[in-house]
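*Asks:* Shown below is the structure under consideration.
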Amino acid sequence: MRVSGYRYLIALLLIGWGCPALAASDAPVDQTTIEMNRKANEACYACHSAAGIAKPPKADIDMSKLKDSRLEPTIYNPSDHGVMDCRECHSKTHYTDYPHAEAGKSETVGCTACHAAKVLRLEPQFNASVHAKVQGVKEKFTCFTCHNPHINIVQKRLQDPAKIVAQDNHGCLECHNSSEMFAKFAPEGEKTPGLKKLRPDIDTIHDWLPNAKAHWQSVRCIECHTPEVAENKMLSHEILDKEKSEKKCLSCHSANSTLKARLYRHMVKDEQQKYGFTNSVLLSNSYIIGATRHPLLDSIIIALVIATLLGVLLHGAIRIVMSLRRKKEESQ
Amino acid sequence: MSERVYLLPLWIRLWHWTNALLIITLTITGVSLHFADPKLPLVEFSLAARIHDLAGLALVAAYGFFVIANIVSGNWWQYVPKPPGILDRCMKQARWYLWGIFKGEPHPYPVTLEVNFNAMQALIYWFIMYLMMPTLLITGLIFMFPQFAPDRVFDMDGLLPVAVLHYLTGTVIVLFMIAHMYLGTTGHTVTTMFKTMITGWHEH
Ligand code: HEM
């Protein structure tokens, strides 16, 4: 309790004095500022874009270091931070010229500077994650290990569940599906001292999940690897280990699917039982056995089965009665 | 004393009981999947999915065998209702099920080696085996390999029509199966027809 009170004070101080001084916050940005920022960013795109990398403004620049960069106005502008000037996060002074001054690297602003209140809530969860528990891993894990601040779009703005799944799973699979990347973060293996722990294959770990690949396309890792939170709260950042992760199929595959409070949380308020289907917001993206139901069709089918059973029983009963009567008549 | 005729070769009997067993298995697991609910005492979901997948593939194989063996042996001819007077014969058969059977009348179209199925049976079996079964099997296979499903249909997931068709054809086959099992008791005695399907010998 005392720890969090202390944190709270720091946050208040940051919000109270720190941020205006840095002019940093996550308050919505007005349209004129957005246009101004986008104009200013064009100076950076001269090099930091596919076109710039292919044809730099000055001939003798080594662009090879930027080959993995996915920076592009069409990607950056719609992202969460696309309303901002690059130099609100990257130093105001060190990137005006090229070559960039070495000091720029160490002056990149962290998430806390602008998102103090959110970080306050997320940090305890982040610190309880599997990634924060392993020596050698936790030192390297930061907010931008998963969040690419140039690209990511938060769920409620991205809207389309398929895109949300692709974006958020990319964040996890970047390591968990690439041995090269995994090795950069992995601790030393227990059985292989001096060598990095080998990356377990993601499909093998989940071989209890039929058609795992279909699941990676339609649900996120965090659906099962984070504890459930109330609908109006931010998604939990506590990545769970194998004991606590969700293994029950029915948590998704049932009429009362938890996906309504997770991947589809931003859509449930629009639930309209389209064409008579329950959970039709889920159906917009996935047919989910057990969760996608049509109560009317189900009732008709159950009624048909019962009617057939009763019909057959009745027929049989009449046959028995009639044959007994015939036997009686014959014996008389 | 009743007449005996060797009606059903071994392959039909083996196929029939395999088919029956698989369909019952698929029905129980299919219901467990569709009506999955923590409060219903059904087969556990992941077990049901696993069994349903295996039994489904086995049924595809059994059906493939059925079709090929029918072509090779010429047995497929039994499933073709033969004119003239198909409708009349169906009506007569239906009248017997709804009336004659209660009065103890004899079967209107007794089984012979040449004509195993009466016109109504031929029609219904044809509908079930050559229309419903392929639809059920194909939708089941698409369900198993959803990459072959259409991407989107209207503004819904493309798997929806596949799943609904699978559910509906599955239902038709279950309804057929209930009636079929009951009609199996309408032979000479209640058990004669079941015995025929086991031994191959038909008694009049
Ligand atoms: C009488 C036979 C069958 C019945 C009654 C039946 C019924 C069902 C039902 C009710 C579902 C749940 C789908 C939903 O919630 O809408 C289902 C799913 C499924 N069925 Fe069938 N089915 C039968 C045969 C087959 C066959 C022959 C195959 C394979 C070729 C198959 C493959 C599947 C697959 C792949 C699923 C998705 C779940 C899973 O992967 O286990 N089914 N079936």
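The values are calculated or read from the model by the stated rules, or taken from the named source; none is laboratory data. Fair warning: this is a prediction, and the values are worked out from it, not measured in the lab. Glycine gets a Cβ as well: all are built from the backbone with ideal geometry, and neighbour counts include every protein chain shown.
*Asks:* Within segment A:293-304, can one find any residue that is under 22 Å from A:ASN169 (Cβ atoms), touching a helix residue (DSSP H, G or I) at 6+ places or on another chain (Cβ under 8 Å) and not hydroxyl-bearing (Ser, Thr, Tyr)?
*Replies:* Among the residues of segment A:293-304, not one is under 22 Å from A:ASN169 (Cβ atoms), touching a helix residue (DSSP H, G or I) at 6+ places or on another chain (Cβ under 8 Å) and not hydroxyl-bearing (Ser, Thr, Tyr), which makes the answer no.
*Asks:* Could you list, in sequence order, all residues of segment B:63-82 that are within 16 Å of the ligand (Cβ to nearest atom) and either crowded, with 18+ Cβ neighbours inside 10 Å or modelled with pLDDT under 95 (or both)?
*Replies:* The answer is B:TYR63, B:PHE66.
*Asks:* Take segment A:190-209 and flag every residue that is within 16 Å of the ligand (Cβ to nearest atom) and crowded, with 16+ Cβ neighbours inside 10 Å.
*Replies:* Once the filter is applied, which keeps residues that are within 16 Å of the ligand (Cβ to nearest atom) and crowded, with 16+ Cβ neighbours inside 10 Å, segment A:190-209 yields A:HIS206, A:LEU209.
*Asks:* Assess whether B:HIS180 counts as being surrounded by fewer than 17 Cβ atoms within 10 Å (Cβ to Cβ) and either more than 10 Å from every other protein chain (Cβ to nearest Cβ) or at pLDDT 95 or above (or both).
*Replies:* yes
*Asks:* Go over the candidates A:LEU263, A:LEU296 one by one and state the one that is more than 8 Å from every other protein chain (Cβ to nearest Cβ) and touching a residue at least 24 places away in the same chain (Cβ under 8 Å).
*Replies:* Every option except A:LEU263 fails the conditions.
*Asks:* Also: Which numbered condition trips up A:GLU223, out of (1) of a type outside the set (A, V, I, L, M); (2) within 13 Å of chain B (Cβ to nearest Cβ); (3) surrounded by 14 or more Cβ atoms within 10 Å (Cβ to Cβ)?
*Replies:* So the condition that A:GLU223 fails would be (2).
*Asks:* For segment B:145-157: of the residues being within 14 Å of the ligand (Cβ to nearest atom) and facing chain A (nearest Cβ under 8 Å), which is nearest to A:ALA212 (Cα to Cα)?
*Replies:* Taking the candidates together, the pick is B:PRO146.
*Asks:* Separate question: If we only count helices (runs of 4 or more DSSP H) wholly inside segment A:180-279, which ones have 2 or more residues that are closer than 23 Å to A:VAL137 by Cα?
*Replies:* It comes to A:202-205, A:221-225.
*Asks:* Then there's this: Which residue out of B:ILE138, B:ILE142, B:ILE198, B:ILE173 is within 30 Å of B:PRO110 (Cβ to Cβ) and within 10 Å of the ligand (Cβ to nearest atom)?
*Replies:* B:ILE173
*Asks:* Mind checking which pairs have a first residue in segment A:117-146 that is among the acidic types (Asp, Glu) and a second that is part of a loop (DSSP other than H, G, I, E, B), Cβ under 9 Å, 6 or more apart or different chains?
*Replies:* Filtered contacts from segment A:117-146: A:GLU123/A:HIS237.
*Asks:* Something else: Does B:ALA20 meet the test of being surrounded by 18 or more Cβ atoms within 10 Å (Cβ to Cβ), out of contact with any helix residue (DSSP H, G or I) (no Cβ under 6 Å at 6 or more places or on another chain), among the aliphatic types (A, V, I, L, M) and assigned to a helix (DSSP H, G or I)?
*Replies:* no
*Asks:* Is there a residue in segment A:294-316 that is within 16 Å of A:ARG220 (Cα to Cα) and not in a helix (DSSP H, G or I)?
*Replies:* no
*Asks:* Within segment A:179-218, can you find the residues that are at positive phi and touching a helix residue (DSSP H, G or I) at 6+ places or on another chain (Cβ under 9 Å)?
*Replies:* Answer for segment A:179-218, where residues must be at positive phi and touching a helix residue (DSSP H, G or I) at 6+ places or on another chain (Cβ under 9 Å): just A:ASN211.
*Asks:* State all residues of segment A:301-320 that are more than 9 Å from chain B (Cβ to nearest Cβ) and under 26 Å from B:MET144 (Cα atoms); if no residue qualifies, say none.
*Replies:* Result: A:ILE302, single match.
*Asks:* Right, something else. Working carefully through the options B:LEU87, B:LEU57, B:LEU14, B:LEU42, find the one that is assigned to a helix (DSSP H, G or I) and either within 14 Å of chain A (Cβ to nearest Cβ) or within 16 Å of the ligand (Cβ to nearest atom) (or both).
*Replies:* Just a single option satisfies the conditions, and that option is B:LEU57.
*Asks:* So which of A:ASN279, A:ASN285 ends up being over 30 Å from B:ARG95 (Cα atoms), at the interface with another protein chain (Cβ under 8 Å from one of its Cβ atoms), of a type outside the set (Gly, Ala, Ser) and surrounded by 14 or more Cβ atoms within 10 Å (Cβ to Cβ)?
*Replies:* A:ASN285
Residue-by-condition table, conditions (1) among the small types (Gly, Ala, Ser); (2) touching a Gly at 6+ places or on another chain (Cβ under 9 Å):
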{"site": "B:ARG4", "(1), (2)": "no, no"}
{"site": "B:ARG13", "(1), (2)": "no, yes"}
{"site": "B:LEU21", "(1), (2)": "no, no"}
{"site": "B:THR25", "(1), (2)": "no, no"}
{"site": "B:GLY30", "(1), (2)": "yes, yes"}
{"site": "B:VAL43", "(1), (2)": "no, no"}
{"site": "B:ALA55", "(1), (2)": "yes, no"}
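*Asks:* A further question on this structure: Testing A:CYS249 on (1) crowded, with 18+ Cβ neighbours inside 10 Å; (2) in contact with a Lys or Arg (Cβ under 9 Å, 6 or more places away or on another chain), one condition comes back false. Which one is that?
*Replies:* That leaves (2) as the condition not met.
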